[in-house]
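Report on the following structure.
The values are calculated or read from the model by the stated rules, or taken from the named source; none is laboratory data. None of these values were measured; they are calculated from a predicted model. Every residue, glycine among them, receives a Cβ derived from its backbone with ideal geometry; neighbour counts consider all protein chains shown. Please note that ligands, DNA and RNA were not included when accessible areas were found on the heavy atoms of the full protein model with its side chains. Shrake-Rupley method; radii C 1.70, N 1.55, O 1.52, S 1.80 Å.
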Amino acid sequence: MKRLRVLISAYACEPNKGSEPALGWHMAVEMAKHHDVWVLTRANNKAAIEAWCAQNDDPRPSFIYYDLPNWVLQLKRGLFGIFIYYYLWQIGAYFLARREHAKHLFDLSHHVTFAKYWTPSFLAFLPVPFVWGPVGGGESTPWSFVSTFSRYGRFYETMRSLARWAGQWDPFVRLTARRARLSLATTQETANRIQALSPQSLSVLTQCGISEQAFGSISRRHPLNGARIFISIGNLLHLKGFHLSIMAFAQARCLEAEYWIIGDGPERDRLMALVQSLGLQNQVRFFGRLSQADTLRRLGNADVLIHPSLHESGGFVCLEAMAAGLPVLCLNLGGPGTIVPSEAGIKLEAGTPDQVIQHLSRAMLRLTTDAQALSCMGQAGRAAVLKRYTWERKGLLMSTLYCQVVAHEAASGGAISMFQPESVR
C-alpha cells in the first residue's frame, strides 16, 4: 500500500502506560510502520517519548509538541476542568496543525485520544480527509444503579449527562461528525448517539489493544489448585462498580479466597469502610496505585478479573486479563461487554444492583470450585486477544482503512458508503 502522510492528534500519548496514553502511543507507533506519521501531542509527554526513542530503533513517528500557556492550567481544576482545558487545547492545536500541513501536505488526519462523541475535533477542518475515533462516551449507567453511588458519584453522573446533552448541540461537534470521512465508535451505544449527528460513514471498532510483546510476557502463574485470587484493577471511582463486587464477594463466602484491588481514587475510603463493615479486612487487600509492570505481575498471580464497570468505552484491563489467561467477570455493558467473548468469561446482565450482586457471587463460587471452567475460559481469552486485539493487527487494519479513505476521496470526493472493520484481519 502507498505510504501516506498522516497527522494524528493524540492528546494522551506516552510509552509504558495504560488506557488513553497507551492508545495514543501504540496507534502512533504502529501507523509509523506503514505510513509517514506526525503526532500532535502534549508537551508534558515529551520526556517519556524521547527517552523511548533514544533506546529504540524501530520505525517511529515525528512528534509535534504543543501546550497552552501555564496560566491556563488553572482551568484543569474542578470536576470538568480537564474538558475545558482539552477543548481549548484542541483549538490551539488546530492552528499549529494548519501550519504543519502547509509544510508537509498531509494526505489524511486522524483524531485518536480523548475522543468523545460530545466533544469536537478541530482537525476535521483541515483540507484533508479526516478519520474520527474510535470515539466513546455514549455509554450510560443503568438508572437503577445510581442510587448505590456516593453523593459525589450521583453529582458526577448528573453533570456528565448535562455535559453530553450540551455537547450534542455544539455546532462544532455536529460539524466534526459530518466532515469526518469515517467515524469509528467504540461501542454500539456510542454509535447510536453518533448516528443522531448525521455522520457520513460509521462503524464500531474498539480502541483497546495489546502488543504482541506484552502478550508473550503476560501469563497466569497462580496454580489452579490453590486458593482463588480475584482481582480488580482501575481507578477507584463510583462508575467502576467495585462496591458491587465487594458485596458479591461477601455474599459468596469464599472463605479461602482473596480479593485484590489495585488502584486509587475518591472512592477508596468508602470502599475500605464497606470492607470493614462486612468483616472482610483479612481477605480484601487494597494495593493502591502500582506501576504498569507491577500491576501486570499482580495480574499474573491472580485467577479471575472482576470488572463490574457500569459505563466504560474501553476496557484495556479486560484484554490484559485475557492475555494472562484469566476469565473476566463483567457486566454486559459498553466496552467490556463488547470485547470480552462469552467463552472467555461471564458477562452479567445489568438488571438491578441486587441481581448483579447475586449473580456475581454465584459466578465467583463457580470459578472457585470449577478449575476446568476457569482453565477453558482463560485459554479462550488468550486465543481471542491474539486473533483480534493485538496492536500489530489493529495497525494493519487502520493502515488499510487509511488507504480506503484516501482512495475513495480521490475517486469520488465523498465518504465510504460501507465499511466493516472486523472483516479486515
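Among all the lysines, which ones have a C-alpha under 30 Å from LYS17's C-alpha, if same-chain residues fewer than 8 places away are not counted? The qualifying lysines are LYS33, LYS46, LYS76, LYS116, LYS240, LYS347, LYS387, LYS394.
Between helix 268-277 and the chain there is an angle of about 20 degrees, using the helix long axis and the longest principal axis of the Cα atoms. Put a dot 7 Å past the Cα of TRP143, heading toward its Cβ, do the same for ILE84, and the two dots end up 3.1 nm apart. Per residue, the Cα convex hull of the chain amounts to 136 Å³.
In whole percent, what relative contact order does the chain give with Cα contacts below 8 Å and a gap of six or more residues?
About 15 percent, as a whole number.
Within the accessible area of the chain, the carbon and sulfur atoms contribute 53%, probe 1.4 Å, all protein chains present.
By how many nm would the segment from LYS33 to ARG60 lengthen if fully extended, with 0.36 nm per residue of separation less the alpha-carbon distance?
9.0 nm
Within the shell of other residues whose beta carbon sits under 15 angstrom from the beta carbon of ASP264, the net charge comes to +3, with Lys and Arg scored +1 and Asp and Glu -1.
Here's how it looks for LEU331: its modeled amide H is under 5 Å from those of SER309, LEU348, which are all 5 or more places away or on a different chain.
Listed by chain and number, the aspartates and glutamates whose alpha-carbon sits under 20 Å from that of LYS2, ignoring those within fewer than 8 places in the same chain, are GLU30, ASP36, ASP58, ASP107, GLU392, GLU409.
Magnitude of the charge dipole for the range 56-150, about its Cα centre and with charges confined to Cβ atoms of Lys, Arg (+1) and Asp, Glu (-1), is about 320 debye. Legend: calculated FRET efficiency, LEU73 to ASP354, from the Cβ-Cβ distance at R0 = 56 Å, rounded to 0.05, equals 0.80.
Based on Cα contacts under 8 Å between residues 6+ apart, the range 209-320 shows a relative contact order of 43 percent.
Our compactness index for the range 129-181, the C-alpha radius of gyration over the empirical 2.2 N^0.38 Å, is 1.47. Computed from backbone phi with θ = phi - 60° and the Karplus coefficients 6.51, -1.76 and 1.60, the 3J(HN,Hα) list for the range 58-66 is 5, x, 9, x, 8, 10, 10, 9, 8 Hz; x is used for glycine and proline. Angle, helix 391-412 long axis vs. longest principal axis of the chain, Cα atoms, 0 to 90°, nearest 10? Around 30 degrees separate the two axes. Dimensions of the range 1-156 from C-alpha coordinates, computed as largest minus smallest value along each principal axis and given longest first, are 53, 37, 34 Å.
Let's test this: bin the Cα-Cα distances of the range 98-256 at 10 Å from zero up to the farthest pair and state each bin's percent. Distribution as computed: 9, 26, 27, 22, 11, 4, 0 percent. Placing unit charges on each Cβ (+1 for Lys and Arg, -1 for Asp and Glu) gives the range 236-284 a dipole about its Cα centre, and among ILE261, GLY279, GLY241 the Cα reaching farthest toward its positive end belongs to GLY241. Taking every DSSP helix (H) stretch of at least 4 residues in the chain, weighting each as -39,500 (n - 2.57) and dividing the sum by the residue count yields a mean residue ellipticity at 222 nm of -14000 deg cm²/dmol. Per residue, the solvent-accessible area of the chain (1.4 Å probe, heavy atoms of protein chains only, all protein chains present) comes to 42 Å². With θ taken as phi - 60° and the Karplus curve 6.51 cos²θ - 1.76 cosθ + 1.60 applied, the whole-hertz 3J(HN,Hα) list for the range 369-386 is 9, 9, 5, 5, 4, 4, 5, 5, 5, x, 5, 5, x, 4, 5, 5, 5, 5 Hz, x standing for glycine and proline.
When both the range 5-39 and the range 184-210 are represented by their alpha-carbon centers, they are found 20 Å apart. Note on TYR389: accessible area approximately 20 square angstrom, rounded to 10, probe 1.4 Å, nucleic acids and ligands left out. Which of these, ARG193, ARG160, ARG99, has the largest mean-square fluctuation under a Gaussian network model of the chain (Cα springs below 10 Å)? Looking only at ARG193, ARG160, ARG99, the biggest GNM fluctuation is shown by ARG99.
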